[in-house]
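Have a look at the structure below before the remarks.
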Amino acid sequence: MADPPNSAVIGSRPVAESLAVEPSKETSSTGGAPKESPAGFDAALELSAIYDRVRKLEIGAKESKDHWYSSQLFSSVLSGVILAAFGFFLTGRLEQAAKERELNIQSAKDMQELLVKISTGSRDEAEAAAVSLTTYGPYSIPPLIENLQYGPERALAAERGLQALALTDAGDLCSNLGTVLENRTQRYTAASHTAVIRILGAADCKGQPQIQILRAYADFIKRADASGPGLIQYQQTVRDATASNVTQAKQELTNTFRLLHVDYAF
Amino acid sequence: MLTMRSRFAICGVMATVFAAAPFCTAQTQCSGVSGGTNYKVLVDEVEFATATGSHPALSLELLQSSVEGALEKVRRVVLTRTVSPASVVYLPCTGRHPQGVSEFTDTYVRTMSANHAILELWGTLFPLGGDQHTFDIHYVMFPVSSVTAPPPSGIATTQKTMASKPTPLQVKDYFVDARSDLPAYFTLAAGVQAYSDHKWDEAAPLLCEARTRLKRKPEQQDLMKFADQLASKAGAELRKSGDPAGTSLMSEAQAQDYCTFATTR
């Protein structure tokens, strides 16, 4: 707030000096009876302004001391509460993380038994184990994908499990399947790539990244189907591949594009 | 987070699978099917079916080696002019005995075909009363079944009635008899697979051999025609490629009927 007396003080000499000098100057210049000079009037005003300001400051200080939240007791209690809440939150998070880790280790042990059943059990046992494995959610996707590379019963059981995951973990499933199809280091067999194409269609993976991957793979297959060098390139990037795998991949891609309503012509 | 509906769906699928499992006969897996580009022949068990259950009619090792010997002999004779024929692996599938053709679903057949499995065979001996037995041999030709339209049946059965309970040696002899169906179905399956793999010089003679063998079987005329047509297609491809076997010298008309050209020249 603008305060005229205050600004007058700041803009001129110190108050004590003005009070001492100004009246004598006035007396000598007129030589008559002393009358109330403007300088004397200013000094009184300034004094009262200063007094007012001091009083205001005193009242303000008193008022500010009265706020409940500025008390010493409150600030110490508040800091204690904040510290306790933070500690509680942190402990909760740590406990949760520890429990999750414990659960993961336990899940891995349980999953191991199911994976043994997929690889050694009969066709029905393998299928039942693969579907049971899906209860572990996204954790079951990598081992099921790995099983696509083995014998037909094992691969078909894994395929069934992966299709079941489309109900609960579609995002993770589609993303992982896309990664498999993108691989060009002979990591996966031609038979497993064909199965992945089939699952992408059945699981309704119509996200933009998956469609792009499928289109790129279809272009790759088109080149393999058209010429000798294209086939050699396919064999160098996909394990255990022959020309018959190219034909099969074409059939599966056509079917998957139909399911996903994607226009593509071989 | 799982929604309630998703949980019910998973539980439904699991319940169905577990409920169905006891009613289905456990089917043992055959190891060695995946991996490699070799053509694979799966030799399953031949069993005696009895009221109390079933048991193997002969040792699987003996059966597998006999099948391998018989079929490799046929292959060598047929592929004398082929420079580098594909290798064939004969897999003994211990404990495996499919209950019927219903087990060979479309997806299963396609998966087998993707792994270059060409043929699976198994047998069952049923007592008919007295000493009489009937011997059923089943063949599944995976490349034939996975061919696109029009698909001929790639599943076949041979049936023989025997006056007395056969000995293991008799079972083996009947199974791998050179005049039996096994060589015909093998050459057809291997020929179709070779055709799919663009191995024209291997496909054409194998398919012509299958055609000749199937001609004698009135009930398999569809398969015979299929083998004949595919052999002609392989012949046309051979003519285009100008292979050293001399097929480039044949006319277009001769290429249209490749098996007649190959057998009469």
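Within the stretch B:71-87, which residues are buried (at least 19 other Cβ atoms within 10 Å of the Cβ) and of a type in the set (A, V, I, L, M)?
Correct list: B:L71, B:V74, B:V78, B:L79, B:A86.
Could you please find all residues in the stretch A:126-160 being among the small types (G, A, S), facing another protein chain (nearest Cβ under 10 Å) and free of Cβ contacts under 8 Å to residues at least 40 places away in the same chain?
A:A126, A:A128, A:A129, A:A130, A:S132, A:G137, A:G151, A:A157
Restricting to the stretch B:101-130, give me the number of residues that are within 13 Å of chain A (Cβ to nearest Cβ) and of a type in the set (G, A, S).
Summing the residues that are within 13 Å of chain A (Cβ to nearest Cβ) and of a type in the set (G, A, S) in the stretch B:101-130 gives 4.
Residue-wise test of (1) surrounded by 15 or more Cβ atoms within 10 Å (Cβ to Cβ); (2) more than 22 Å from A:E127 (Cα to Cα); (3) among the hydroxyl-bearing types (S, T, Y); (4) modelled with pLDDT of 50 or more.
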site: B:F8; (1), (2), (3), (4): no, no, no, no
site: B:V17; (1), (2), (3), (4): yes, no, no, no
site: B:A21; (1), (2), (3), (4): yes, no, no, no
site: B:G32; (1), (2), (3), (4): yes, no, no, yes
site: B:G36; (1), (2), (3), (4): yes, yes, no, yes
site: B:F48; (1), (2), (3), (4): yes, yes, no, yes
site: B:H55; (1), (2), (3), (4): no, yes, no, yes
site: B:L58; (1), (2), (3), (4): yes, yes, no, yes
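I'm trying to understand the selection: among the residues of the stretch B:165-223, which are more than 22 Å from B:T260 (Cα to Cα) and outside any helix (DSSP H, G or I)?
B:K165, B:P166, B:T167, B:V176, B:D177, B:A178, B:S180, B:D197
Looking at B:S153, B:S113, B:S84 in this structure, which one is assigned to a loop (DSSP other than H, G, I, E, B) and under 14 Å from the mean Cα position of the chain (by Cα)?
It is B:S153.
Which of the residues spanning the stretch B:86-105 are under 21 Å from B:S146 (Cβ atoms) and touching a residue at least 12 places away in the same chain (Cβ under 8 Å)?
Within the stretch B:86-105, B:A86, B:S87, B:V88, B:V89, B:Y90, B:L91, B:C93, B:R96, B:P98, B:V101, B:E103, B:F104 meet the criteria.
Scan the stretch A:170-180 and give yes if some residue there is touching a residue at least 12 places away in the same chain (Cβ under 8 Å) and within 12 Å of chain B (Cβ to nearest Cβ), otherwise no.
Yes, the stretch A:170-180 has at least one match.
If only one of A:V246, A:V262 is within 11 Å of chain B (Cβ to nearest Cβ), of a type in the set (A, V, I, L, M) and over 18 Å from A:A155 (Cα atoms), which one is it?
Of A:V246, A:V262, the one residue that is within 11 Å of chain B (Cβ to nearest Cβ), of a type in the set (A, V, I, L, M) and over 18 Å from A:A155 (Cα atoms) is A:V246.
Specify the residue that is farthest from A:G207 (Cα to Cα); the eligible residues are those in the stretch A:244-266 that are part of a loop (DSSP other than H, G, I, E, B) and either free of Cβ contacts under 8 Å to residues at least 40 places away in the same chain or not assigned by TED's automatic domain parsing to the domain that holds A:C174 (or both).
My answer is A:A265.
Which one of A:R101, A:R123, A:R93 is under 26 Å from A:G161 (Cβ atoms), more than 14 Å from chain B (Cβ to nearest Cβ) and without any contact (Cβ under 8 Å) to a residue 40 or more places away in the chain?
From the options A:R101, A:R123, A:R93, the qualifying one is A:R101.
Scanning for something facing chain B (nearest Cβ under 9 Å), without any contact (Cβ under 8 Å) to a residue 12 or more places away in the chain, small (G, A, S) and out of contact with any Leu (no Cβ under 8 Å at 6 or more places or on another chain), does the stretch A:189-199 turn up at least one residue?
Looking through the stretch A:189-199, none of the residues is facing chain B (nearest Cβ under 9 Å), without any contact (Cβ under 8 Å) to a residue 12 or more places away in the chain, small (G, A, S) and out of contact with any Leu (no Cβ under 8 Å at 6 or more places or on another chain).
Are any residues in the stretch A:116-145 under 19 Å from A:V196 (Cα atoms) and crowded, with 21+ Cβ neighbours inside 10 Å, and if so, which ones?
A:I118, A:A126, A:E127, A:A130, A:V131, A:L133, A:T134, A:S140, A:I141, A:L144, A:I145
Would you pick out the residues in the stretch A:76-113 that are acidic (D, E) and within 27 Å of the chain's Cα centre (by Cα)?
A:E95, A:E100, A:E102
Could you give every pair whose Cβ atoms fall below 9 Å, whose first residue belongs to the stretch B:219-230 and is within 16 Å of B:W200 (Cα to Cα) and free of Cβ contacts under 8 Å to residues at least 60 places away in the same chain, and whose second residue is among the acidic types (D, E) and surrounded by fewer than 21 Cβ atoms within 10 Å (Cβ to Cβ), counting only separations of at least 6 or pairs across chains?
Cβ pairs passing all conditions: B:D228/B:D257.
Give the residues of the stretch A:107-120 that are in contact (Cβ under 8 Å) with a residue 12 or more places away in the chain and either under 27 Å from A:V238 (Cβ atoms) or within 10 Å of chain B (Cβ to nearest Cβ) (or both), sorted by residue number.
A:L115, A:I118, A:S119
The values are calculated or read from the model by the stated rules, or taken from the named source; none is laboratory data. Only a predicted model underlies this, so the values are computations on that prediction, with no experimental measurement involved. Positions of Cβ are generated from backbone atoms using ideal geometry, with glycine treated the same way; all protein chains shown enter the neighbour counts.
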